[in-house]
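Here the structure is laid out as structure tokens; the discussion comes afterwards.
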């Protein structure tokens, strides 16, 4: 999704890590397993899709882009840092810039041989919407295709299958 919004792949990978971390923190706080997010974060708020969404401005000039200190994805704002010597923006997770190589390894470990199919389906879904639609609908799209796990504390940390077919169905429907 972040690539469709104009972010380079390394930045997009780290933004994905930041989104996953924030959603986990929010769910953990809601279930009483984790403390609320410091500074409020998404911990006590409604899901991102239900909030007013300020569309991100991704400057077309590389130098202007690299001066950004926060980027908006899925209706949430995430802090970023310019990482040297690679000269890339990386989302800050747990107080330090996330490493896109580690995110990629984690994805490979999670999806194994299915990673290419998952990435292709996600790209197709992102391409089926304008950047503005994607920014508005991203959270609901996630809810519609996320793996099924038990609700409540029983589902905390549970893994479920990701159905690529659900993602592809959403790519062909524009009902949101």
Q: Output the number of residues of the range 141-176 satisfying the condition of being part of a helix (DSSP H, G or I) and either loosely packed, with under 15 Cβ neighbours inside 10 Å or free of Cβ contacts under 8 Å to residues at least 40 places away in the same chain (or both).
A: 12
Q.
Among the residues of the range 3-15, what is the count of those that are over 14 Å from residue 65 (Cα atoms) and buried (at least 21 other Cβ atoms within 10 Å of the Cβ)?
A. 3
(Q) If residue 38 satisfies all but one of (1) outside any loop (DSSP other than H, G, I, E, B); (2) at pLDDT 65 or above, what's the number of the condition it fails? (A) (1)
Q: Search the range 102-129 for residues being more than 28 Å from residue 173 (Cβ to Cβ) and under 16 Å from the mean Cα position of the chain (by Cα), and hand back the single one that is surrounded by the most Cβ atoms within 10 Å (Cβ to Cβ).
A: 103
Q) modelled with pLDDT under 90, touching a strand residue (DSSP E or B) at 6+ places or on another chain (Cβ under 9 Å) and under 30 Å from residue 115 (Cβ atoms): does that describe residue 8? A) no
Q.
Restricting to the range 108-139, name every residue that is over 22 Å from residue 159 (Cα atoms) and touching a helix residue (DSSP H, G or I) at 6+ places or on another chain (Cβ under 8 Å).
A. 124, 125, 126, 127, 128, 129, 134, 136, 137
Q | Filter result (in contact with a helix residue (DSSP H, G or I) (Cβ under 9 Å, 6 or more places away or on another chain), in a strand (DSSP E or B) and closer than 17 Å to residue 22 by Cβ) within the range 61-88 | A | 71, 72, 73, 76, 78, 79, 80
Q: Confirm whether residue 132 is out of contact with any strand residue (DSSP E or B) (no Cβ under 8 Å at 6 or more places or on another chain), loosely packed, with under 15 Cβ neighbours inside 10 Å, assigned to a helix (DSSP H, G or I) and at pLDDT 90 or above.
A: no
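The values are calculated or read from the model by the stated rules, or taken from the named source; none is laboratory data. This structure is a prediction, so every number in the text was calculated from the model and none was measured. Methodologically, a virtual Cβ is constructed for each residue, glycine included, from the backbone with ideal geometry; neighbour enumeration extends over all protein chains shown.
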